[in-house]
Amino acid sequence: MSKPLATDEVAIIKTSAGDMIVEFWSDVAPQTVENFKKLAKEGFYDGTAFHRVIRGFMIQGGDPLTKDAAKEARWGTGDPGYKIKAEFNERKHQKGVLSMARSASPDSAGSQFFIVHGEASFLDRQYTAFGTLLKGLDVLDKIAATPCKAAGEQSPSRPIQRQHVESVTLVARSTVA
């Protein structure tokens with residue numbers, strides 16, 4: 001497998017638990033990367049919550065409905081008002097990988113993403129992996145360890161204490177050590 005293409009831009013995901021720095025894989029998921037960057041520049045992710053957290057699997061965020069506690073019953077269903085085409089690729093879903101969340105339809109992703117917290121090879125070539133953490137595995141671990149409650153009929157995956165994105169900022173790679 002080829003080494004991920006390093007781009008000049010990285011994202012700093014500032015969360016309630018600390019900062020994570022993401023490197024993008026534009027070589028295998030160019031439209032997905034551009035969509036994420038576009039939403040980040042618009043401030044779309046600012047104030048959204050990690051509404052689904054499963055330790056050893058992943059943390060999921062990017063739903064605009066999570067900005068409003070009154071809409072909690074619908075968390076996990078929000079999007080930017082459009083869907084993007086899947087860009088399944090050969091990148092492995094392992095700890096620290098950034099990937100797009102979707103429904104049963106392959107081309108149903110919009111804004112929701114997840115960061116893998118453990119090995120999840122069953123997602124390979126089924127979900128669009130589009131980046132990886134350069135820094136912040138400790139933050140990922142901290143969010144993944146948050147106590148959760150059941151959300152509907154699912155196993156406990158809704159954080160009891162809100163874990164959220166304060167901002168997503170795109171910066172030149174050279175500005176982060």
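Tabulated values for the structure
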read-out	value
Residue in segment 65-73 that is in contact with a strand residue (DSSP E or B) (Cβ under 9 Å, 6 or more places away or on another chain), of a type in the set (A, V, I, L, M) and either within 23 Å of A11 (Cα to Cα) or crowded, with 23+ Cβ neighbours inside 10 Å (or both) present	no
Flag for A104 being of a type in the set (A, V, I, L, M, F, W, C), without any contact (Cβ under 8 Å) to a residue 12 or more places away in the chain and either within 13 Å of K83 (Cβ to Cβ) or crowded, with 24+ Cβ neighbours inside 10 Å (or both)	yes
Where D124 falls short, out of the listed (1) farther than 15 Å from A17 by Cα; (2) touching a residue at least 40 places away in the same chain (Cβ under 8 Å); (3) of a type in the set (D, E)	(2)
Criterion (of a type outside the set (V, I, T), surrounded by 14 or more Cβ atoms within 10 Å (Cβ to Cβ), within 15 Å of the chain's Cα centre (by Cα) and in a loop (DSSP other than H, G, I, E, B)) met by exactly one of F88, F36, F44	F44
G56 vs. criteria over 13 Å from the mean Cα position of the chain (by Cα) and surrounded by fewer than 16 Cβ atoms within 10 Å (Cβ to Cβ)	yes
Given (1) farther than 19 Å from T48 by Cα; (2) of a type in the set (G, A, S); (3) in contact with a Cys (Cβ under 7 Å, 6 or more places away or on another chain), index of the condition G131 fails	(3)
Any hit, segment 129-138, residues being of a type in the set (D, E, K, R), surrounded by 14 or more Cβ atoms within 10 Å (Cβ to Cβ) and at pLDDT 95 or above	yes
S111 in a loop (DSSP other than H, G, I, E, B), surrounded by 22 or more Cβ atoms within 10 Å (Cβ to Cβ) and at negative phi	yes
Pick from segment 140-157, criterion modelled with pLDDT under 95 and among the charged types (D, E, K, R), ranking: farthest from S16 (Cα to Cα)	E153
In segment 71-108, the residues that are more than 27 Å from L134 (Cα to Cα) and of a type outside the set (G, A, S)	K71, E72, R74, W75, T77, Y82, K83, P106, D107
Meets criteria (within 21 Å of S108 (Cβ to Cβ) and either among the hydroxyl-bearing types (S, T, Y) or modelled with pLDDT of 95 or more (or both)) for Q94	no
Top-ranked residue of segment 139-149 - restricted to ones that are in contact with a strand residue (DSSP E or B) (Cβ under 7 Å, 6 or more places away or on another chain) and farther than 19 Å from V97 by Cα, ranked as surrounded by the fewest Cβ atoms within 10 Å (Cβ to Cβ)	K149
Residue satisfying all of: in segment 146-177; among the polar types (S, T, N, Q) and part of a strand (DSSP E or B); nearest to Q60 (Cα to Cα) among these	S167
Single residue of A86, A109, A101, A69 found to be of a type in the set (A, V, I, L, M) and more than 27 Å from I160 (Cα to Cα)	A86
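The values are calculated or read from the model by the stated rules, or taken from the named source; none is laboratory data. These figures come from a predicted structure and were not determined experimentally. Virtual Cβ from ideal backbone geometry, glycine too; neighbours counted across all protein chains shown.
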